[in-house]
Amino acid sequence: QVQLVESGGGLVQPGGSLRLSCAASGNIFSINVMGWYRQAPGKQRELVAAITSGGSTPYADPVKGRFTISRNNGKKTVYLQMSSLKPEDTAVYYCNMVVGGYNYWGQGTQVTVSS
């Protein structure tokens, strides 16, 4: 069984920064894709950014140039550095990892951007 534990969410003012982390534990040989999704109230969950084992990093258009995804394979951890945050970035952020062809999700962490 694979478990994902997220941390780093919170309240930040517009223009501020936050760093999310997500660590995986369990019977893991390799992690193919690590990613972050978000879901705002009344909206569908959407991809924010992903990073493959080969290093590809697709980003959603609204976050390009502001967010950076990275991974540490030894620690089985994925990070999302968020800068120049906007109120529209307010959402619950979910970590996702593809392990052995299966999708695993974190419990979600709230990010609120407000003055």
Going by the conditions given, is SER21 in contact with a Gly (Cβ under 7 Å, 6 or more places away or on another chain), closer than 17 Å to GLN3 by Cβ and not in a loop (DSSP other than H, G, I, E, B)? yes
Condition set open to solvent by 10 Å² or more (accessible area, probe 1.4 Å) and under 13 Å from the mean Cα position of the chain (by Cα), scope region 79-89, selection farthest from GLY10 (Cα to Cα): answer is TYR79
Pairing a residue in region 81-109 that is of a type in the set (Lys, Arg) with any residue that is part of a strand (DSSP E or B), where Cβ atoms lie under 8 Å and the two sit 6 or more apart in sequence or on different chains, gives LYS86/VAL113
Being open to solvent by 50 Å² or more (accessible area, probe 1.4 Å) and in a loop (DSSP other than H, G, I, E, B) narrows GLY42, GLY16 down to just GLY42
Of residues in region 45-66 being among the hydrophobic types (A, V, I, L, M, F, W, C) and either on the phi > 0 side of the Ramachandran plot or in a strand (DSSP E or B) (or both), the one surrounded by the fewest Cβ atoms within 10 Å (Cβ to Cβ): LEU47
Across region 90-115, what is the total count of residues that are out of contact with any helix residue (DSSP H, G or I) (no Cβ under 9 Å at 6 or more places or on another chain) and either in a loop (DSSP other than H, G, I, E, B) or loosely packed, with under 12 Cβ neighbours inside 10 Å (or both)? 9
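The values are calculated or read from the model by the stated rules, or taken from the named source; none is laboratory data. Owing to the predicted nature of the structure, the values given are computational and were not obtained by experimental measurement. With ideal geometry, Cβ positions are generated from the backbone for all residues, glycine too; neighbour counts draw on all protein chains shown. Each accessible area value is taken on the protein alone, full model and side chains, heavy atoms only, with ligands, DNA and RNA left out. Shrake-Rupley method; radii C 1.70, N 1.55, O 1.52, S 1.80 Å.
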